[in-house]
Amino acid sequence: MTIPTPHISATSKDQIAKTVLMPGDPLRAKFIADNFLENVEQFNETRGMLGYTGYYKGKRVSVMGSGMGIPSSMIYYNELFNFYDVDCIIRVGTAGSMQEDVKLHDIVIATSACSESSINDNLFGNIHFSSTPDFELLMKAYNKSIDLGYTTHCGQVHSSDQFYSEMEPKVFENLRKYGILCVEMESYGLFMAARKHGKKGLGIFTISDSLIENVADSAENRQKSYTNMMELALEVAED
Ligand code: HPA
């Protein structure tokens, strides 16, 4: 397959930077481009999955929506890595807390992701492969997050196939007991796509809700925590 791909309309590889920040929501990609990037050029609107390239503090970066869930997002991860020579994708997303000490607006950086997804079935025989991000990028993000003064947790996340899950209470309690920090829906696929293509993946989240506490949030606080996460990802991006 050549470019443009079925889902990305950029006609030249140069239109997309080496690092792409990817929120699930394409309008959040537009928000990042509008508020943080200079000299912005749009490279995609196929299926409304807006993608832009611009400069952050002189560094060339792209931002693009991924859609929700592993099947949607993996289409974009695979096409960006495989056909546009992208080196690094940083997922910037929201996640639901599964631990008491992981509070609303805290930053979570995934050290690995587990999932009920079947994308690895038949790939590794009876071996349960661990889906992990790039270690250097992870360290860089952790150190930068601490420098910026953000409350930061590093650990395993659950990339769920279902937002409206009917998970057995016992399973939920085991995930908590074994230290899963939060639930989101894409990182397991991102880390697998990055490994498949020999590229780098990283997942950074802001906690938007809790699966164990009834927590309310103001729109202003929510926006601030998105902004913190986006700045962290932009600082970590490599051009
Ligand atoms: N479940 C799955 N994904 C999420 C959640 C959730 O509760 N919150 C934010 N992303």
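Couple of notes before you dig in:
Here is a yes/no grid of residues against (1) touching a strand residue (DSSP E or B) at 6+ places or on another chain (Cβ under 7 Å); (2) within 17 Å of L211 (Cβ to Cβ):
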{"position": "G67", "(1), (2)": "no, no"}
{"position": "I119", "(1), (2)": "no, no"}
{"position": "L137", "(1), (2)": "yes, no"}
{"position": "V157", "(1), (2)": "yes, yes"}
{"position": "F163", "(1), (2)": "no, yes"}
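- For region 100-130, the tally of residues that are within 20 Å of D161 (Cα to Cα) and either open to solvent by 10 Å² or more (accessible area, probe 1.4 Å) or away from the ligand (no atom under 16 Å from the Cβ) (or both) stands at 15.
- Looking across region 187-199, the residues that are open to solvent by 10 Å² or more (accessible area, probe 1.4 Å) and within 22 Å of P71 (Cβ to Cβ) come down to Y188, M192, R195, K196, H197, K199.
- Region 143-179, residues that are among the β-branched types (V, I, T), within 16 Å of the ligand (Cβ to nearest atom) and touching a helix residue (DSSP H, G or I) at 6+ places or on another chain (Cβ under 9 Å): V157
- Residue count, region 151-198 (criterion: more than 18 Å from the chain's Cα centre (by Cα) and part of a loop (DSSP other than H, G, I, E, B)): 8
- Search result, residues across region 29-48 that are buried (at least 20 other Cβ atoms within 10 Å of the Cβ) and either touching a helix residue (DSSP H, G or I) at 6+ places or on another chain (Cβ under 8 Å) or farther than 20 Å from D87 by Cα (or both): I32, F36, F43
- Looking across region 204-220 at every residue that is away from the ligand (no atom under 11 Å from the Cβ) and either loosely packed, with under 12 Cβ neighbours inside 10 Å or of a type in the set (D, E, K, R) (or both), the one that is modelled with the lowest pLDDT is identified as A216.
- The requirement of being within 16 Å of the ligand (Cβ to nearest atom) and either polar (S, T, N, Q) or part of a helix (DSSP H, G or I) (or both) is satisfied by T94.
- Output for region 131-150, where each listed residue is of a type outside the set (G, A, S), open to solvent by 30 Å² or more (accessible area, probe 1.4 Å) and part of a loop (DSSP other than H, G, I, E, B): T132, D134, L148, Y150
- Odd one out for C182 among (1) more than 13 Å from the ligand (Cβ to nearest atom); (2) closer than 23 Å to I32 by Cβ: (1)
- Scanning region 68-85 for residues that are over 21 Å from M185 (Cβ atoms) and crowded, with 17+ Cβ neighbours inside 10 Å yields F83, Y84.
- Note on region 48-91: residues that are within 16 Å of the ligand (Cβ to nearest atom) and part of a loop (DSSP other than H, G, I, E, B) amount to 5.
Rundown of residues vs (1) of a type in the set (A, V, I, L, M, F, W, C); (2) surrounded by 15 or more Cβ atoms within 10 Å (Cβ to Cβ), yes/no style:
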| residue | (1), (2) |
| --- | --- |
| I8 | yes, yes |
| T11 | no, no |
| K57 | no, no |
| S66 | no, yes |
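- Cβ-Cβ contacts under 7 Å between residues 6 or more apart (or on different chains), taken from a first residue in region 183-211 that is more than 18 Å from D25 (Cα to Cα) to a second residue that is within 16 Å of the ligand (Cβ to nearest atom) and of a type in the set (V, I, T), are listed as L211/V183.
- Take the conditions (1) part of a helix (DSSP H, G or I); (2) closer than 12 Å to K103 by Cα; (3) open to solvent by 30 Å² or more (accessible area, probe 1.4 Å); (4) not hydrophobic (A, V, I, L, M, F, W, C); S225 misses just one of them, which is (3).
The values are calculated or read from the model by the stated rules, or taken from the named source; none is laboratory data. Just so it is clear, the model here is predicted, and its values are computed rather than measured. Here Cβ is always computed from backbone atoms with ideal geometry, including for glycine, and neighbour counts include all displayed protein chains. When the accessible area is computed, the model is the full protein with side chains, heavy atoms only, and any ligands, DNA or RNA have been set aside. Shrake-Rupley method; radii C 1.70, N 1.55, O 1.52, S 1.80 Å.
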